[in-house]
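The values are calculated or read from the model by the stated rules, or taken from the named source; none is laboratory data. Model, not experiment: these values are computed from the prediction. Because the Cβ atoms are built from the backbone with ideal geometry, glycine has one as well, and the counts that use them run over all protein chains shown.
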Amino acid sequence: MKFIITVDTEADNEWQRLDKIKVENIKFLPRFQALCEKYEFKPTYLLTYDVASDKESVSILKPWQDSGQAEIGAHLHPWSNPPMTKERSWETKHHRFPHDLSEDELKSKMETLTNVIKDNFQIMPKSFRAGRWGFDKRVAKEITRLNYLVDCSITPKIDWTRTKGDPNGQGGKNFKHYQVAPYFLDIDNISKVGKNNLLEVPMTVLFTLLFKKEDTSLSNFFLGLPDSFFKKVINKLFFGQKWLRVFPNSKMKDWQRIYESAKKNNLPVMEFMIHSSELMPGGSPYAKDHQSVEFVYQQIEDLFKFLKKQGLQGRTLSEFYYDFK
Ligand SMILES: [Zn+2]
């Protein structure tokens, strides 16, 4: 089994609607990079425009790419990615999903993002993640046009439709019944396996308790249930749905269970994600202070150590693409 580490490499405190964008958290990344190297795992840093256009951030990240210790990809946050097509204060307030953008906006923002990475890192980015998981067939087509090879914007089992982007939009996407294993997309129906050149490597979100098996009539029935207290209880007792992410209540047991489930479902890969800002004290709601950052590091090290012991091999997103192909 392969192991992919993805880092949404973005501004500080994206959850607050700050007027002034800061990328201080990038200065905290060397510790994370060193930890990945210690276990011979190679992270993929998915950069927003804010980070990719910041000289100091580039000087921190580029050497890792150049020495082959990491990959640089792209991460679209429409609300701070030029060209600003609406009033900046409006964009800042609403945090539109990439799929909320008009055809022209999507095209020009994606081109600007791709070009800033090209110019500052001297590479063609190959890997992509949509901000706020705002991914649909239009976004898939656009990144294909720009020669991206891998997307990792799909979160199986999760329904974001109640999350608001554009106040007049449809909200987030519903990925409830999307498959967990990587697949080449059908560009006209991204939930289906097809012949497009774009590889989807979904976030690892698995059931980890008694009913671990993916895509059974039982698991599909459970996923189809509307949110309720009853569903929460059933989940807690029998399904144990978990993301491969660090949360304030994460435990060693979670990592073991997620791995067991990935094995049981014959997954060729596990994909971990973290926001770069989670690694700076006060950089995100996930890690408010020094102590919580230490907790995050402890969890990550437990996970890395455990997966290394199980023999997982690290891959960046585009390395995985060539393996999979
Ligand atoms: Zn983001």
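Can you tell me which residues in region 249-258 are touching a helix residue (DSSP H, G or I) at 6+ places or on another chain (Cβ under 8 Å) and either assigned to a helix (DSSP H, G or I) or on the phi > 0 side of the Ramachandran plot (or both)?
252, 255, 256
I need a count of the residues in region 239-272 that are hydrophobic (A, V, I, L, M, F, W, C) and in contact with a Phe, Trp or Tyr (Cβ under 8 Å, 6 or more places away or on another chain).
Matching residues across region 239-272 total 9.
Of everything in region 19-28 that's part of a loop (DSSP other than H, G, I, E, B) and within 14 Å of the ligand (Cβ to nearest atom), which residue is modelled with the highest pLDDT?
23
Could you count how many residues in region 19-37 are in contact with a helix residue (DSSP H, G or I) (Cβ under 8 Å, 6 or more places away or on another chain) and either aliphatic (A, V, I, L, M) or free of Cβ contacts under 8 Å to residues at least 24 places away in the same chain (or both)?
5
Go through region 51-79 residue by residue and tally those that are surrounded by fewer than 21 Cβ atoms within 10 Å (Cβ to Cβ) and within 15 Å of the ligand (Cβ to nearest atom).
Of the residues in region 51-79, 0 are surrounded by fewer than 21 Cβ atoms within 10 Å (Cβ to Cβ) and within 15 Å of the ligand (Cβ to nearest atom).
Look at region 174-203 and say how many of its residues are among the β-branched types (Val, Ile, Thr) and under 16 Å from the mean Cα position of the chain (by Cα).
Within region 174-203, residues that are among the β-branched types (Val, Ile, Thr) and under 16 Å from the mean Cα position of the chain (by Cα) number 2.
Just give me the residues in region 259-307 being part of a helix (DSSP H, G or I) and of a type in the set (A, V, I, L, M, F, W, C), in sequence order.
Listed by number, the residues that qualify are 262, 279, 293, 295, 296, 300, 303, 304, 306, 307.
Identify the single condition in (1) in a helix (DSSP H, G or I); (2) out of contact with any strand residue (DSSP E or B) (no Cβ under 6 Å at 6 or more places or on another chain); (3) closer than 18 Å to residue 165 by Cβ; (4) more than 16 Å from the ligand (Cβ to nearest atom) that residue 92 does not satisfy, given that it satisfies every other one.
The single condition residue 92 does not satisfy is (4).
With respect to the numbered conditions (1) farther than 19 Å from residue 297 by Cα; (2) crowded, with 17+ Cβ neighbours inside 10 Å, which one is the sole condition not fulfilled by residue 266?
(2)
Out of everything in region 118-151 that is more than 15 Å from the ligand (Cβ to nearest atom) and hydrophobic (A, V, I, L, M, F, W, C), what residue ends up being surrounded by the fewest Cβ atoms within 10 Å (Cβ to Cβ)?
Selected residue: 124.
Answer yes or no as to whether residue 25 is more than 22 Å from residue 150 (Cβ to Cβ) and out of contact with any Pro (no Cβ under 6 Å at 6 or more places or on another chain).
yes
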